[in-house]
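The next block holds one structure in the form of structure tokens; read it before the comments.
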Amino acid sequence: MGLKYLRFERFPKQFLFIFLVIIYYIIGFCLINKTSITSDESAYIGAAYAYTQGLGLNQEHPLFFKLINSLIISVFFPDYNLEVPTINIISGEESIEARLAAFNLGYNLLMENAKNFHQLLFSLRLPYLIFNSFIFVWFYLYTFIFKKIPSQISLVFAILYTFSPSFYSHSFLIAFDVSVSIYALLSVLTLIIIYDTVINSNNLLAFHFLVFTICLFIALNAKFSNLILLPITLGTYIFIAIFLFKKKKTQRLIQFSLFGVFSLLIQALLISLMYRWAFGNLPNQSLIDNLWAYIDGIKMNLSTAGGIREPFWNGQFVSMTSLGYLTKIFWFKENPGLFIVGLFLVSILIYKISFQKIVSKDYINKQTLPLIILGSAYPLIYFWLTKDSRFIIGYRYFYPIILFIYLLIASLTVILKHKWQKYVLLGVLNLYVYLGILGINQSLSYVNPLWTQEKWKLADDSTINWGQETEHGVKYLLSRNLLPKDNNNVITYQLFGVNMGFVQYLDLLSKIQDYPINIESYYAPPRFNPESEVISQLPYQYLLIDSTVKQKIYAQKETNPIAAKNWKLLINNQPIYSRNDTIFIYKLS
């Protein structure tokens, strides 16, 4: 036995790739059942149910994935019968009433049948896990079938994606941040394939356009931010058309033009049909009206683009730009193995340029420059449009850039020519896999070991606390019979603003477990107010809080005497239960 058996060439690469897909689903199924419903999920579930009645909600996001959930509800859960509120939506303006209606409708749907809750939530999350796995299908197709991408690049990229805490913790959620990143990347890559096919051959051009049309459709209907793909697509089409015109390849130009025009026009038709399905029982359902509904959604997004949200950083809630926030949190939210892989590859690249006299023209020339520009256009435009925004929601908004970084790192592996370099790469990838596996239990709240303080001190990020641990706190209380039937000064709480919070999960789980609870007595008391109530003076036996409450208390401890007293109590008392440094239960008496 020797190192020769570790060579990349001796691995059955297709088997390894398929194995990564299996690992992706194992991690996904593991986390899908362990993660409480997060903040925005109930709104998208509510919108999906509204679409089953043709009464559209949640217009500020495109419809595609919500329509998939709408179809699932119609086919597998037809017994639900809820009233969808009628909302007066003003064109182009975000309606708080409409936003709340979607949240409340989703909440009512989920609470309608406690015994069915977990099955319903699993069924609605599963399509996201499946659609976000299509990235494997695309890379397998263009690596092992059409052989357009070197297998080493695809395998390394698949490893980076599969064991990325940013993506595996989010890929199953009823949210669009992973999907918007994946289908933007696949659209750009397929556009590159089309460019290469038209310039160098004409084989399977129709198939490549079909793949591109599907990827672009899903990308444009995952989030409105992916509309930046349209100028990139048009620019690429014009460049190719000019090239074919100059080369006097008239027949190929006509063929390419027909495919290109079809790939764009079909988008408008499909979008209109989606809105007709979702808004079918509302007035004004012509093709143009439905396209205007899509445009209204864009306007709703733009109306909030100038908002300001101050994130928690270094003990205070401070205003900062997206660029400033990214540079602060990136180093603690990614698998640290990524930095080692990147540092190794960049070091090899610098060495080759400095000592082996490899010049840029060896990699950048007339053939590759258009591909480099096309491949980098999306992340650069996305970065330029968002870098100065002060509406800081969470690290998940940077996923479209992060995924392109993964591909860049994977692409750099082609510079490795020596065996020892490949052995080192294999070693650091194994480290990346190991560290990724270690982070699975953290799920959405993942923070890597480079952050040595308590997790809640990093940020009030929706990829740290999005309400995902609530069910575990309730299960702890029920499993130990700490909650009597009536809440006579037994427990008070304050958690992240999710409409499926402590009392809602208590209501659900008590019904599922036949645990005797007078739920009204738990709904009735006011929630704990960390800014005006002293914890030591509370008449309750238990206090349930999460990281957002700790952050508020910590940020005010120098200016608010009540916060100072509460902080002193928290640091001097250990919680009887905590999970992922995100949710905490304290025994007060």
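The values are calculated or read from the model by the stated rules, or taken from the named source; none is laboratory data. From a predicted model like this one, the values you see are computed outputs, not experimental measurements. Positions of Cβ are generated from backbone atoms using ideal geometry, with glycine treated the same way; all protein chains shown enter the neighbour counts. What goes into the accessible areas is simple: the full protein's heavy atoms, side chains included, and nothing from ligands, DNA or RNA. Shrake-Rupley method; radii C 1.70, N 1.55, O 1.52, S 1.80 Å.
For the stretch 312-445, the dipole from Cβ point charges (+1 on Lys and Arg, -1 on Asp and Glu) about the Cα centre works out to 340 debye, to the nearest 20. Calculate the length of the line joining the C-alpha centroid of the stretch 403-459 to that of the stretch 275-301, in whole Å. About 43 Å separates the Cα centre of the stretch 403-459 from the one of the stretch 275-301. For the chain, the carbon plus sulfur part of the accessible surface works out to 62%, probe radius 1.4 Å.
Extending 7 Å from Cα along the Cβ direction at residue 304 and again at residue 250 yields two label points whose distance is 5.4 nm. Using the Cβ-Cβ distance between residue 423 and residue 479 with R0 set to 45 Å, the FRET efficiency works out to roughly 0.40. Considering only DSSP beta bridges with both partners in the stretch 467-587, what is the antiparallel share in %, to the nearest 5? Counting DSSP beta bridges with both partners in the stretch 467-587, the antiparallel share is about 65 percent. Beta-bridge orientation, the chain: approximately 65 percent antiparallel, per DSSP, counting only bridges with both partners inside. Note on the chain: with charges restricted to the Cβ of Lys and Arg (+1) and Asp and Glu (-1), its dipole about the Cα centre is near 2780 debye.
Applying 0.36 nm per residue to the separation of residue 559 and residue 204 and subtracting their alpha-carbon distance, the gain on full extension is 121.1 nm.
With respect to the chain, whose longest principal axis is taken over its alpha-carbon atoms, helix 229-246 is tilted by about 0°. Applying a threshold of 28 Å to the alpha-carbon distances of 249/352; 223/248; 248/366; 115/299; 455/587 flags 249/352; 223/248; 115/299 as lying beyond it.
Classify the stretch 126-221 as rounded, prolate or oblate from the Cα gyration tensor: take a ≥ b ≥ c as the square roots of its eigenvalues, call it rounded if a/c is under 1.5, otherwise prolate when a/b beats b/c and oblate if not. In terms of gyration-tensor shape, oblate.
Protein heavy-atom accessible surface, 1.4 Å probe, per residue over the chain: 44 Å².
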